[in-house]
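Throughout, read-outs are computed from the coordinates displayed, never taken from laboratory work. Model, not experiment: these values are computed from the prediction. Don't worry about glycine lacking a Cβ; one is built from the backbone with ideal geometry, like all the others, and counts go over all protein chains shown.
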Amino acid sequence: MSRSKRKGRNENRQPLTSPESVAARTLLSPLIPSRRRAGDRAARAKQLTPWQREPSQVQPGSSVDLDDGEFLAGVIDFVGTNMLVQHHTLFPAMSAAENLTTVAHLIDQWDPTGKMRTTSIIALCRSALESASRAVWVLCESDRDERRNRALRITRDEIQRHKKYVTEQVKRLEGTEMGVGAERLPFDTAEYLSQVTAQKNGAESAMQVLVDAGVKGAPPMEQIIDASAEWIDTHNPMKSVQPMANLTRQMYSFSSGITHGSTWPTQYLLGATDMHNVVADLLHVSLATTEAAVILWETQSSVDARVGRHCPQYLRQAARRLHPRYAPLAEDGVSA
């Protein structure tokens, strides 16, 4: 094709945001089943917006309240909190909810702008799936000792990563890892070296306490995600969610490839319908997992089955239904 013909064809194209282009996309979108599914799930994700900003607080005497406290002294001194169950569940659940409400905003822009932002949506959904799965993995167990143990296992992993970071910083600041001609950063001061050295010593001490106590590290993220999906399938907190463990495993593998810049998943992004299918399915598993995390938090942060007022309305019945499973004491005085 000659350059002049290509130029003429490009000049005849409508801009993505022209009224004609927007009208065409708005008209055609409902005709693509996967596009409708993605839109429906995005609308559901928007309902998490108030919760991500203001979740229910832990009520005295609730399950989470009784889970926390009296952890290993050498560990809590370094971590800075004695509320390890709350520490490792509330923030991940809030992070997942924020990621998905951002996804909902991006999907809302599909028709008006014509920009799909597919890789960004996939990365956000993957992050939400990981964060929510961590919260579900800690909170889903009905046994209090196991919930506390899982919080400690995650704590060990985080301290190990923290220790690696500050050790690298100390080596760099002491000059043992400085490259030839490398310049010091503005904050590379003697005071900063003293701070990271203290953090390194504290991390080493806390890690030794955990090792001496026999605390194992947490499973790999893939196993945490699998376990969380299987719990959701078994206990079905949201009756509308279909069994999803196998789909979760598939979508996590796919989204990890995209997020890490691998090229093999791109074959599944050929054509609008295939792309919409991927987004719709990934949004399904990440949203279902995030909803489970929110339900478990609202159930266990509440002292009674009425559940906190900040629980999203459409999740309230599920949270109430699960409450007896985690209630500190049943009416007959026997641990639930």
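Computed quantities for the displayed model
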| read-out | value |
| --- | --- |
| Spin-label model distance (nm) - Thr81 vs Gln57, 7 Å beyond Cα toward Cβ | 1.5 |
| Rough spin-label spacing in nm, given labels placed 7 Å along Cα→Cβ, for Asp304 and Asn149 | 3.4 |
| Size of charge dipole - the range 56-115 - debye, nearest 20, with Cβ of Lys, Arg +1 and Asp, Glu -1, no other charges | 220 |
| In sequence order, calculated HN-Hα J values of the range 257-265 (Karplus, 6.51, -1.76, 1.60; Hz; x Gly/Pro) | x, 5, 5, 8, x, 6, 9, 4, x |
| Label-point separation in nm, Ala43 to Leu247, each point 7 Å along Cα→Cβ | 1.8 |
| Nearest-0.05 FRET efficiency for Asp274 and Asp108, computed from C-beta distance (R0 35 Å) | 0.95 |
| Global form of the range 31-326, assessed from the alpha-carbon gyration tensor, a/c cut-off 1.5 | oblate |
| Added length on full extension, which subtracts the Cα-Cα distance from 0.36 nm per residue, Met221 to Ser262 | 12.9 nm |
| Nearest-20 debye value, the range 31-326 charge dipole, Cβ charges on Lys, Arg, Asp, Glu | 900 |
| Under 16 Å from the Cα of Lys46 - aspartates and glutamates, other chains or at least 8 residues apart | Glu54, Glu98, Asp108, Glu291 |
| Within the range 76-107: backbone nitrogen closer than 13 Å to the Asp157 label point (7 Å, Cα to C-beta) | 88-89, 92 |
| Summed side-chain charge close to Val209 - residues other than Val209 whose Cβ falls under 12 Å, Lys, Arg +1, Asp, Glu -1 | -2 |
| For the range 49-69 and the range 83-115, distance of Cα centres in Å | 19 |
